[in-house]
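K.L.:
The structure is given below, and queries will be raised subsequently.
The values are calculated or read from the model by the stated rules, or taken from the named source; none is laboratory data. Here the structure is a predicted model, which is why all the values come from computation and not from measurement. Counting neighbours? That spans all protein chains shown, and the Cβs are built from the backbone with ideal geometry, glycine included.
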Amino acid sequence: MAYERKYKVTSTLQDSYDSYREEFGEVNKKLYLAIAYEILKTISDKIIRESLEYRMPSKMGFLRIKKNKQKLVIKDGKIDRRRNIPNWKATWEAWHKKYPDKTREEIKQIPDKGIIFQKNYHTDGHIMRWFWDRKFSNARNSSVYSFDPVKGGIKEGMYMGRLGLASWIKSGKMKNDYYY
């Protein structure tokens, strides 16, 4: 006997609209999506600007911004690139200075030319990321699921998603602090 869910697992607002319509009858789609979008935009803005730790419904865990100290990890005499974020603009400028007579394609072919990594001086060497804290989640198999925030940005004065977080941090208005 297969397990039957009370509600269908959804991944987009369109999926949630379909589930809502099945349960409550015909609803204006534009109105539903506009209300849902406004709620999600407000929650995202509060998480970014006020360090809100948003408790998701149905004991799905918490959404928040997590702050980590950037570490330089060296394995086998080489810098581990997976943990450090390259500053490609500065790297390409340095490569063009070092190899002024070479084209971009020729520079790509040169091995071990060195990469410049982000230092994050404006955040005292910290990296901030969206984080889904599942520690107190009652959801089954929650490790299988992932949270991927929207690209976002700044819309109508509200900060949303990954680019909204980056814009807030770089804006100079940031007075709040995030959790480790």
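K.L.:
Among (1) outside the structural domain of residue 43 (by TED's automatic domain parsing); (2) touching a residue at least 12 places away in the same chain (Cβ under 8 Å), which single condition is residue 62 missing?
P.N.:
Result: residue 62 passes all but (1).
K.L.:
Now for a different question. Based on what the data block shows, is residue 58 at positive phi and surrounded by 14 or more Cβ atoms within 10 Å (Cβ to Cβ)?
P.N.:
Values: at positive phi: yes; surrounded by 14 or more Cβ atoms within 10 Å (Cβ to Cβ): no.
Judged against the criteria, residue 58 is not a match.
K.L.:
Which of the numbered conditions does residue 149 fail, given that it passes all the others? Conditions: (1) exposed (fewer than 14 other Cβ atoms within 10 Å of the Cβ); (2) closer than 17 Å to residue 44 by Cβ.
P.N.:
Just one mismatch for residue 149, condition (1).
K.L.:
Being in a helix (DSSP H, G or I) and either within 26 Å of residue 170 (Cα to Cα) or touching a residue at least 12 places away in the same chain (Cβ under 8 Å) (or both) is the filter here, so list the residues in region 105-133 that pass it.
P.N.:
Those that are in a helix (DSSP H, G or I) and either within 26 Å of residue 170 (Cα to Cα) or touching a residue at least 12 places away in the same chain (Cβ under 8 Å) (or both): 107, 121, 122, 123.
K.L.:
Separate question: Take the residues in region 72-122 that are among the small types (Gly, Ala, Ser) and more than 24 Å from residue 167 (Cα to Cα), then tell me which one is surrounded by the most Cβ atoms within 10 Å (Cβ to Cβ).
P.N.:
Here the answer is 94.
K.L.:
Quick one: which residue in 43, 48 is surrounded by 11 or more Cβ atoms within 10 Å (Cβ to Cβ), of a type in the set (Val, Ile, Thr) and in contact (Cβ under 8 Å) with a residue 60 or more places away in the chain?
P.N.:
48
K.L.:
Would you call residue 64 assigned to a strand (DSSP E or B), within 25 Å of residue 12 (Cα to Cα) and at pLDDT 85 or above?
P.N.:
For residue 64, the condition - assigned to a strand (DSSP E or B), within 25 Å of residue 12 (Cα to Cα) and at pLDDT 85 or above - is met.
K.L.:
Considering only residues of region 77-99 that are modelled with pLDDT of 85 or more and in a loop (DSSP other than H, G, I, E, B), which is farthest from the chain's Cα centre (by Cα)?
P.N.:
Across region 77-99, the extreme among qualifying residues is 99.
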